[in-house]
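Engineer: Here's a structure for you.
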Amino acid sequence: MRAMVRSSLLLQLLSVYLLFVGIVLGVGAGFSIQVAHRLRANVQTSDQALAQEIALNTSLQLNDDETSLVNLGKLVAAAPTPADVLGIFQNYQSARVDVDYVYWLDPVGELRVVWPNSGQVIAGDEFSPPDVVQRALSASGPVFDVGIAVESTFNAGVIMATAVHDSQGRLVGIVAASLSLVELSEPLATVVQAQTQQGRTLSISIIDNQGELIASPQHARLLQTVLDELPGAGLALHGQIVSLLGTGTDGQSWLFSAVPVPETGWAVVVQERASRALAVVQVFDNWLSTTALLFAVGGLLFWSLLVLRVIQPLHLLASQHQALPNTEQAISQRTTQLRNRADEVGGLSRSLERLERDGLRKLSELRTLLETSNAVVGSLDPYAVVGTIIREARRLVDVQAAAVLVPDKDGVLRVLVSDGHSERFNSALSLSPENLASTAVQALHDRQPVQRLIDSAASSLAYAEGFRSVLAIPIISRHAGSVVLTVHRSEARRFDANAIDLLLTFANYATLAWEHAVLYERSDERLREVAQENSRLYQAATDEKHKLAAIMGSMSDGLLLTSPAGMILYANIGASSLSGLATHELEQQPISVLYAALRRAARAIPGANQVIDELESGKTSAAVVEIGTTMQRRALHMRIFAVEDDAGLPIGRGLLLRDVTRERELDAFKTALLAAVGHELRTPLAAIIGHASTLLQPDVTWSSADQRHFLETISSEADRLAQIVSNLLDLSRQETGLLLLQRAPARVETLIAQSIARINAPDAHMQVVIAEALPLVEVDAPRIEIVLQNLMRNALIYGSGSVVITAEAQPDAVVVGITDDGPGIAPEELPYVFERFYRTHHGRLQHAGGTGLGLSICKAFIEAHGGAIWATSASQGTTMSFTLPLLAAERFVEET
């Protein structure tokens, strides 16, 4: 069907005609619907406005009643007797026609005074609704409800009540009033009567929050539940303004408009007959049907005339001009009678032929421009693109040669690309900026196209090439400089405006291609520079990051960095080691995790938790916390510091943990050393000074034996003093690498025997267990004897007098062991016994003397020989072992 309509002009016209008729009828129907909608909207707006006005008046009336009731309560509070209250009630009820009854209740809610009272109500009757009393007692102002205040009266109304207080603020009772629903309905009846006189049929209702009718011109229906009869009333009770079309109680269609009454929870519903409100729409529909019939008949006559005089000729023209001919000859060969008509149809036929000729020419130009544009966009080779542009320009504009000239670094114009010129022309053409006689230079100077006819008087390369006219088009480029497009004709004929415009387009393409190449080269160079700089900065940042990470990771001290919110962002290995938590257990966790771990580690240390609490709360920024057990403690120095950015703004906090256990022990050891060394130095000095002073006394004569004894004591103590000083010097030399050894072959048996003899301990039990045929060792014998003597003395001091000395050969050394029978050394103290100034806990308790340097000197001498020294201990007895290097095989042979 669609193909048939497209192939037949008559069917198309008929379709247009039917469409026209359909549009007219549709517009009319739509207008009718719009009018009905607008009219309905106006009626709804009017009804809503009326309902809002009634709701506002009702709210104002209730507010006025509340105000008058509050003032009544003030008067009642000042009345001394019930008779005075009754008089006040009479005046109040006579002043307000909408009040049926006035009540006075005591503080517990029992009825005491009522006006008017026809004898049906007596004091003590129950007042209802009962919740009104409770609400009035708890509310700060008047409350109201719909119902019957006293069952014996059977008069329904709006019950309004408020609590009454005396001048001291004490509750004295409750004053209440019953507002007549009939009086509340009178304004509605007045409005309905006024609207009826204006030709409108309305019904107005006010319902309470229970859906009961409390105001209506139909007094007989008061207090009936009508919520289901009033569409939209439920929404209005929830605070919405609505208008709905629904069915009334009479079965007819009504427009219902419902609005809420402010501050009451009631709703006002205005309903109007839909047929009366939309009567004008039916009139408009009748008028629309008549108008549609007139339009249909007139349109049919007009269509018949249009088919005969316009549609059929147009159909003929359309059949002749369905496709654009390939050539202008095909247009000329086509004949038609419509061309000779003097009216608009004839003019249309002649215009179509001219448009076909222009279209053929423009289509050819556009096709060429499109191909040229694709070449410019698709290639970054300016020479290839410009060559394509020149060839297409020659084809379209009827020129025999074309060239693109660009200035060199000196501003001289030279050929970039040409077509149709000889090689001699391309290489020889050179136009300086001062040569204004040149067409290209003048075009650049004037910044507009310049064309000339070339005659024989102007001796130029173009004339020699056979060209008689030239056109130069300048293009000024911000990125590529000045570009000139020149075209030559072999005929002395000027270029028209169309040709100049077309060549301007080609010149712009040439400039664009050249700019593309220049910008690409510049951007590529700039991108390389940026990439290199980015690579350098990235590498530098990476190196700095790795360096910083390596520095912080290699720190023995603990380092934690936290966010301003207290989340741990970074924790190094030192922090993990000192806190006992893995790195992943610290990072991305609150700092309280660390403090909790420290509290667990310090639970055996008195006062440690208090120090940790002060650090966590920020009372102090630096403190020393002791963790561990009572026997093995570790001291951690913790310092909190702020982390700021380059602008000095805080971006987080840092926590530095440092193990200062050894420092504190060294301080203690140094203090002990000073005391011990001082004691050890004073003892021989005192002996020397005492014996020397004794010998020098002039009033005493000593025998030779006594003098010799004194002198031997002085010499022995001097040797002891010299030995202490020598030990300190040897330790200092060993630390600085200046300890010199006098190595010589020696036998271990001899060294042990001489050491036993030197310590001179006749009461000690010295047991020597030496393997047979021990090889020679190459050592500094005096220093090894010092080692043996120090170890033997320690064994005697800390043991019970029994010492076992062993020696056995190993493949590359001799291992010597000295074992005592003392109480042993605690396992946690074994790693530190060879350190300077260190004395074990048992040694400090049992023996106050000593410098704590004996084992350090042993370790220094043994390691200077390239050996090793170590200690093993059990619950009873400690063994000190060390190795001595063997004599080289060649040297051993020479000695034997």
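The values are calculated or read from the model by the stated rules, or taken from the named source; none is laboratory data. Everything numeric here is computed off the predicted structure, so don't read it as measured data. Neighbour counts are summed over all protein chains in view; Cβ atoms, including those assigned to glycine, are modelled from backbone coordinates with ideal geometry. Surface areas here come from the heavy atoms of the whole protein model, side chains and all, with no ligands, DNA or RNA. Shrake-Rupley method; radii C 1.70, N 1.55, O 1.52, S 1.80 Å.
Engineer: Answer yes if at least one residue in region 538-552 is part of a loop (DSSP other than H, G, I, E, B), open to solvent by 30 Å² or more (accessible area, probe 1.4 Å), under 20 Å from residue 655 (Cα atoms) and at pLDDT below 85, and no otherwise. Show your work before the answer.
Structural biologist: Pass one, region 538-552, residues part of a loop (DSSP other than H, G, I, E, B): none.
Taking every residue of region 538-552 in turn, none turns out to be part of a loop (DSSP other than H, G, I, E, B), open to solvent by 30 Å² or more (accessible area, probe 1.4 Å), under 20 Å from residue 655 (Cα atoms) and at pLDDT below 85.
Engineer: Please work out which residue is surrounded by the most Cβ atoms within 10 Å (Cβ to Cβ), limiting yourself to region 731-748 and to residues that are in contact (Cβ under 8 Å) with a residue 12 or more places away in the chain and assigned to a loop (DSSP other than H, G, I, E, B).
Structural biologist: Within region 731-748, the match that is surrounded by the most Cβ atoms within 10 Å (Cβ to Cβ) is 739.
Engineer: If you scan region 419-442, which residues turn out to be under 21 Å from residue 491 (Cβ atoms) and of a type in the set (A, V, I, L, M)?
Structural biologist: Result: 440, single match.
Engineer: For region 738-757, which residues satisfy the criterion of being within 13 Å of residue 865 (Cβ to Cβ) and of a type in the set (S, T, N, Q)?
Structural biologist: Correct list: 742 only.
Engineer: Residues to consider are 443, 403; find the one that is at pLDDT 85 or above, part of a strand (DSSP E or B) and either hydrophobic (A, V, I, L, M, F, W, C) or open to solvent by 30 Å² or more (accessible area, probe 1.4 Å) (or both).
Structural biologist: Values: 443 fails: part of a strand (DSSP E or B).
Of the residues listed, the single one that is at pLDDT 85 or above, part of a strand (DSSP E or B) and either hydrophobic (A, V, I, L, M, F, W, C) or open to solvent by 30 Å² or more (accessible area, probe 1.4 Å) (or both) is 403.
Engineer: Can you tell me which residue among 796, 728, 751, 721 is part of a helix (DSSP H, G or I), more than 16 Å from residue 861 (Cβ to Cβ) and in contact with a Leu (Cβ under 8 Å, 6 or more places away or on another chain)?
Structural biologist: The conditions single out 721.
Engineer: Filter region 249-264 for residues that are within 21 Å of residue 209 (Cα to Cα), out of contact with any Pro (no Cβ under 7 Å at 6 or more places or on another chain) and open to solvent by less than 30 Å² (accessible area, probe 1.4 Å) and give the result.
Structural biologist: Answer for region 249-264, where residues must be within 21 Å of residue 209 (Cα to Cα), out of contact with any Pro (no Cβ under 7 Å at 6 or more places or on another chain) and open to solvent by less than 30 Å² (accessible area, probe 1.4 Å): 257, 258, 259, 261, 264.
Engineer: Turning to a different aspect of this structure: Going by what's in this entry, would residue 636 be described as open to solvent by less than 60 Å² (accessible area, probe 1.4 Å), at pLDDT 85 or above and not in a helix (DSSP H, G or I)? Steps first, please.
Structural biologist: Numbers: open to solvent by less than 60 Å² (accessible area, probe 1.4 Å): yes; at pLDDT 85 or above: no; not in a helix (DSSP H, G or I): yes.
No: the conditions fail for residue 636.
Engineer: If residue 775 satisfies all but one of (1) surrounded by 12 or more Cβ atoms within 10 Å (Cβ to Cβ); (2) farther than 18 Å from residue 804 by Cβ; (3) in contact with an Asp or Glu (Cβ under 7 Å, 6 or more places away or on another chain), what's the number of the condition it fails?
Structural biologist: (3)
Engineer: In region 439-453, is there at least one residue being over 22 Å from residue 502 (Cα atoms) and hydroxyl-bearing (Ser, Thr, Tyr)?
Structural biologist: No: region 439-453 contains no residue that is over 22 Å from residue 502 (Cα atoms) and hydroxyl-bearing (Ser, Thr, Tyr).
Engineer: If I ask for residues that are of a type in the set (Ser, Thr, Tyr), open to solvent by 60 Å² or more (accessible area, probe 1.4 Å) and assigned to a loop (DSSP other than H, G, I, E, B), which ones from region 687-707 would you list?
Structural biologist: Within region 687-707, just 701 meets the criteria.
Engineer: Which condition number in (1) of a type in the set (Ser, Thr, Tyr); (2) open to solvent by less than 90 Å² (accessible area, probe 1.4 Å); (3) under 19 Å from residue 658 (Cα atoms) is the one that residue 535 fails?
Structural biologist: For residue 535, the failing item is (3).
Engineer: Separate question: Could you identify the single residue in 108, 85, 114 that is within 27 Å of residue 172 (Cα to Cα), open to solvent by less than 30 Å² (accessible area, probe 1.4 Å), free of Cβ contacts under 8 Å to residues at least 40 places away in the same chain and not in a helix (DSSP H, G or I)? Before you say what the answer is, go through the steps one by one.
Structural biologist: Numbers: 108 fails: open to solvent by less than 30 Å² (accessible area, probe 1.4 Å); 85 fails: not in a helix (DSSP H, G or I).
Sole residue among the options that is within 27 Å of residue 172 (Cα to Cα), open to solvent by less than 30 Å² (accessible area, probe 1.4 Å), free of Cβ contacts under 8 Å to residues at least 40 places away in the same chain and not in a helix (DSSP H, G or I): 114.
Engineer: If you go through region 756-772, how many residues are open to solvent by 30 Å² or more (accessible area, probe 1.4 Å) and either in a helix (DSSP H, G or I) or within 17 Å of residue 809 (Cβ to Cβ) (or both)?
Structural biologist: 8
Engineer: Determine which single condition residue 200 fails, assuming it passes every other condition in (1) free of Cβ contacts under 8 Å to residues at least 40 places away in the same chain; (2) surrounded by fewer than 20 Cβ atoms within 10 Å (Cβ to Cβ).
Structural biologist: Result: residue 200 passes all but (1).
Engineer: Let me ask something additional. Looking at residue 482, is it more than 30 Å from residue 443 (Cα to Cα), surrounded by 11 or more Cβ atoms within 10 Å (Cβ to Cβ) and in contact with a helix residue (DSSP H, G or I) (Cβ under 6 Å, 6 or more places away or on another chain)?
Structural biologist: No; evaluated as a whole, the condition is false for this residue.
Engineer: Answer yes if at least one residue in region 708-717 is assigned to a helix (DSSP H, G or I) and either touching a residue at least 60 places away in the same chain (Cβ under 8 Å) or of a type in the set (Asp, Glu) (or both), and no otherwise.
Structural biologist: Yes, there is a match, as at least one residue in region 708-717 is assigned to a helix (DSSP H, G or I) and either touching a residue at least 60 places away in the same chain (Cβ under 8 Å) or of a type in the set (Asp, Glu) (or both).
Engineer: Hey, another quick one. Pairs, please: C-beta under 6 Å, at least 6 apart or cross-chain, first residue farther than 13 Å from residue 578 by Cα and in region 594-615, second among the small types (Gly, Ala, Ser) and at pLDDT 75 or above?
Structural biologist: Pairs found: 608/602; 611/623; 615/623.
Engineer: Please state which of the following conditions residue 222 fails to meet, knowing it meets all the rest: (1) more than 60 Å from the chain's Cα centre (by Cα); (2) open to solvent by 50 Å² or more (accessible area, probe 1.4 Å).
Structural biologist: With (1) more than 60 Å from the chain's Cα centre (by Cα); (2) open to solvent by 50 Å² or more (accessible area, probe 1.4 Å) applied to residue 222, the lone miss is (2).
Engineer: Tell me whether region 457-477 contains one or more residues that are acidic (Asp, Glu) and without any contact (Cβ under 8 Å) to a residue 40 or more places away in the chain. Walk me through it before giving the result.
Structural biologist: Of the residues in region 457-477, the ones acidic (Asp, Glu) are 465.
With the extra rule that they be without any contact (Cβ under 8 Å) to a residue 40 or more places away in the chain, the set shrinks to none.
No, region 457-477 contains no residue that is acidic (Asp, Glu) and without any contact (Cβ under 8 Å) to a residue 40 or more places away in the chain.
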